[in-house]
Amino acid sequence: MIARPRRIRRTGAVLLAVLAAVTLAVPAAAGGAQVTRGTFHAFSANTALDISGHAVMVRTADGRTFVSVHLEGLAANTAYGSHIHKQACSDNFAGTHYRFDPAGPADDVNEIWPAFTTNGAGIGNGNARNDGTADSTAVSVVVHAPGGVKITCADLG
Ligand SMILES: [Cu+2]
């Protein structure tokens, strides 16, 4: 009766050790990845909100692209569109959407859409995961208000 709980406890400890090793291995694996990041600034011409936050893009060594965004100062409980854009924030409000295949569709497979819905405090977190490595023209992240107006942008660098 004693051996069984011990074995379970040991198995649990081994599992925790494996999880820790995997967790630690993620930054190591990122050694072959390219990471760009940026800070959100509101397009004050388009919104009165005091928006802040940051974005990270990871191009993995095995050919995928991950984007995470965190924003504060938005409207509560609101769904926001967000995309990777092809121009810098200061250049024509970041221009148009980045597409892996320029002739392909405007969807969340061919474009990168870290969309999100804010919580009651106006805080939002979005993630996108795409197959393919975004090229050097994927330079900024834009958040759109419901209806489409560009309200904030982060240059990735
Ligand atoms: Cu957009």
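Hey, can you rank 37-50, 55-68 by average C-beta count inside 10 Å, highest first? Spell out each step's value before the answer.
Numbers: 37-50: 15.1, 55-68: 18.1.
Result, highest mean first: 55-68, 37-50.
Straightening the chain between His41 and Ala106 buys 20.9 nm, computed as 0.36 nm per residue apart minus the Cα-Cα spacing. Surface analysis of the range 88-157 yields an accessible area of 48 Å² per residue, using protein heavy atoms and a 1.4 Å probe.
The values are calculated or read from the model by the stated rules, or taken from the named source; none is laboratory data. It should be emphasised that the depicted structure is a prediction, and the values quoted were computed from it without experimental measurement. Here the Cβ is made from the backbone with ideal geometry for all residues, glycine too, and neighbour counts use every protein chain on show. To get the accessible areas, we keep the full protein, side chains included, count just its heavy atoms, and leave off ligands, DNA and RNA. Shrake-Rupley method; radii C 1.70, N 1.55, O 1.52, S 1.80 Å.
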